[in-house]
1. Counting only residues that are outside any helix (DSSP H, G or I) and hydroxyl-bearing (Ser, Thr, Tyr), which one in region A:104-120 is least open to solvent (accessible area, probe 1.4 Å)?
2. Of the conditions (1) facing chain B (nearest Cβ under 8 Å); (2) under 30 Å from A:Met368 (Cα atoms), A:Glu292 fails just one. Which one is it?
3. Out of all the residues in region B:251-270, which are buried (at least 18 other Cβ atoms within 10 Å of the Cβ) and within 31 Å of the chain's Cα centre (by Cα)?
4. When only residues in region B:350-397 that are assigned to a helix (DSSP H, G or I) and hydrophobic (A, V, I, L, M, F, W, C) count, which is farthest from B:Thr209 (Cα to Cα)?
5. All but one of (1) over 13 Å from the mean Cα position of the chain (by Cα); (2) open to solvent by 10 Å² or more (accessible area, probe 1.4 Å) hold for B:Glu126, so report the exception by its number.
6. Could you check region A:132-152 and list, in sequence order, the residues that are of a type in the set (Val, Ile, Thr) and part of a helix (DSSP H, G or I)?
7. Being aromatic (Phe, Trp, Tyr) and out of contact with any Asp or Glu (no Cβ under 8 Å at 6 or more places or on another chain): is that true of A:Tyr26 here?
8. Go through region B:51-70 and report how many residues are farther than 18 Å from B:Phe167 by Cα and buried (at least 21 other Cβ atoms within 10 Å of the Cβ).
Protein chains: 2
Amino acid sequence: MPLRAYAHNVMQRCDQLATISQHSNYIDRRYLSVQHKQANELVASWMREANMRVWQDEAGNQWGRYVSSHQNAKSLVIGSHLDTVPNSGKYDGILGVLLPLSYIQYLHDNHISLPYHIDIVGFADEEGTRFGTTLLGSRAVAGTWQDKWASLKDNNEISIATAMRTFGLEINNIHNAAADPDDLLGFLEIHIEQGPVLESKGASVGVVTGIAGAKRFNIEVTGHAGHAGTVPMALRQDALVGSAEMLIAIERLAIQSELVATVGKINSASQAVNVISGHVEFSLDIRSLNNEIRDDCLQQIELELERIAQQRGLVLNIKQSHEADATPCHPEMISKLVKACEQSSMVPHLISSGAGHDAMALAHLCPMGMLFVRCEKGVSHHPEESITTDDVVCTLDVLRSFCEGEAQKLSNTSDLVA
Amino acid sequence: MPLRAYAHNVMQRCDQLATISQHSNYIDRRYLSVQHKQANELVASWMREANMRVWQDEAGNQWGRYVSSHQNAKSLVIGSHLDTVPNSGKYDGILGVLLPLSYIQYLHDNHISLPYHIDIVGFADEEGTRFGTTLLGSRAVAGTWQDKWASLKDNNEISIATAMRTFGLEINNIHNAAADPDDLLGFLEIHIEQGPVLESKGASVGVVTGIAGAKRFNIEVTGHAGHAGTVPMALRQDALVGSAEMLIAIERLAIQSELVATVGKINSASQAVNVISGHVEFSLDIRSLNNEIRDDCLQQIELELERIAQQRGLVLNIKQSHEADATPCHPEMISKLVKACEQSSMVPHLISSGAGHDAMALAHLCPMGMLFVRCEKGVSHHPEESITTDDVVCTLDVLRSFCEGEAQKLSNTSDLVA
């Protein structure tokens, strides 16, 4: 069978997995739910079809090993997450499990054995929709699970510890889910881009250079409320027009620094047509692959916002609400994936990730790399999330080139055995 | 007694009237309420003290006439409104009834008679808080009451017609409240400025040149929602940053056209920190004393907003929600009030009104003029509304000069008798 048949298989299985949902009108599959268990079981059955050895770890992650022909081989881990946000699409996370799984089926069908294990993993909780904390599954594997998370509760006041027991897991064993870095060659995550860059370049796949670090702020602008008819323009301290000038400044400085900055939320105290706004709150989310560039840009933004506030007689209050440093992909993984693209006759497009991924957690454990797959209009976390079978074919081909490259390299080195 | 004693009287009566409220924690006095009746009765008692002939008209407006010594004299009507918004101050409207009433007391105490009647009127509904339509009291007097208003309902589903009957009025007689313009010399309204202009000029009173005409719009900006981390700045169609640029343009064009334009309300569809805004709605309120200047400015605003939308790949939708033309004050009233200021040794500050007033309705009936009194920081419709006794003294003095000027003029003309 050609790779295209396996790509069709990937698409069909994504459709099938999408039917397992805790909501009848849309896809919604959260950590430690009945649907989580059903999804794991379905994926495990597909793993068995590919002759994989399957198990579920102590965090509820689903694993399958395509066992190497070599004794004491190390593992290449490939995977992503099986949980979803409410009203999600069919590919975010899922594709990164089912695409490599179909590649394993291809290896099995063609009686290809490798000098290393391939472990496919479906992480149990990346989105954090149920308990409010993200990357729970991959952090357990990375050995960075924090014990305090046991008491985190969902909307029904059920703690993670309780939910685990209901699911059939024991929280006290959670640290057993941690992988041993000495057993691992590396971690590869395949994920839809969730942005429009590959589409705008006409590219099927992209090699990710790193995952941006984000800082978030809540910004308050206080002016003076007043009557829309009676206060001349020159005597106003309009918090909303002042905030508007700040938004424009943020956009300008983000473009200059070649990063992304977003004001997603805005609230003006005045909700009357005829009242000058006396108070505005807005959010700022700023991301860069380079923490230094991000922080330099932030410093410029703060100076500029302060200048605008002073000029307009407004009081500015900036509070940080979130901070995560950038996670670069491993340089060797990047160069291997670039070579794999070339091997598969594709232009290797380098791209950064603005969204977070399980790969961020795994980067603490072993060399980490990522491939992005083009998605239509950059839409994700939405039923309209869409990819093409052609792009899945291309990605399968790059994955094959990558895994063959690893095999060749290992045949020449001592990395072969643990 | 010097005028200062009468000014103290005005301040005390404003305090006393403020205790008549349908809410125990703040001032709230609406049309056709029990408190409306109580306020009318209290004001009527003060009118009687000044030897005025008192009556309540068919719309619930409270009147008192300081009867002229001349037979068949015409009337100068002086007044404002006695109703309030919820959580209002003590002076908006009220001052325009109680200040001239104390002047009448001064006339009576000093045995001064005039060659014309002075009719003090406390209009029953200017704010429109109960039935949603403003200037009901003054429109009834102006003869511009519309019969369809009878069925307007309050929040408790009580119609104006029913509320009138409960109050002791008969809606079918409402047109009897209309005054005959042939009986009138003119209408003068004294009102707190509700803006910071007089304060910024260090002036106690201002002569109003006219009441601005307002147009209001609801403006929708549609872009494309997206992930804050994954969509590069150059590929965004951010409805919120686009709207911010529009707000800045509106401010710039308003300043150029020397009028006021206000965005009071803004709502962004995205209320998440990490989502690029795909849809924003904001209001626009634009006012000028000159309808042509206002409409020219609006045309420029529309062109500029359209240009910004096109440049950013946004869709713009502008819908008008309100229109009122400007109401100029009568030129003769303006020049008489300017002379009265000079007579009282005050610099005559000309000022426009951005807010609506009962005087707008009365302008349809007879020559209309207005005096503004300085209020602290321009605050109105709020418990912190504040004026000084000194400014009330000055205003009483200007009113005295104005009324004496009218008397002198009438002694030389045939306007004396109807």
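The values are calculated or read from the model by the stated rules, or taken from the named source; none is laboratory data. These numbers come from a predicted model, not from an experiment. No Cβ is skipped: glycine too gets one built from the backbone with ideal geometry, and neighbour counts run over all protein chains shown. Heads up: the accessible areas ignore ligands, DNA and RNA and are worked out on the full protein's heavy atoms, side chains in. Shrake-Rupley method; radii C 1.70, N 1.55, O 1.52, S 1.80 Å.
1. A:Tyr116
2. Going through (1) facing chain B (nearest Cβ under 8 Å); (2) under 30 Å from A:Met368 (Cα atoms) one by one, A:Glu292 breaks only (1).
3. Going through region B:251-270, the residues buried (at least 18 other Cβ atoms within 10 Å of the Cβ) turn out to be B:251, B:253-254, B:257, B:259-266, B:268, B:270.
Matches in region B:251-270: B:Glu251, B:Leu253, B:Ala254, B:Ser257, B:Leu259, B:Val260, B:Ala261, B:Thr262, B:Val263, B:Gly264, B:Lys265, B:Ile266.
4. B:Val393
5. With respect to (1) over 13 Å from the mean Cα position of the chain (by Cα); (2) open to solvent by 10 Å² or more (accessible area, probe 1.4 Å), B:Glu126 is out only on (1).
6. A:Val141, the sole residue that qualifies.
7. When the stated conditions are applied, A:Tyr26 passes them.
8. Adding up the residues that qualify gives 4.
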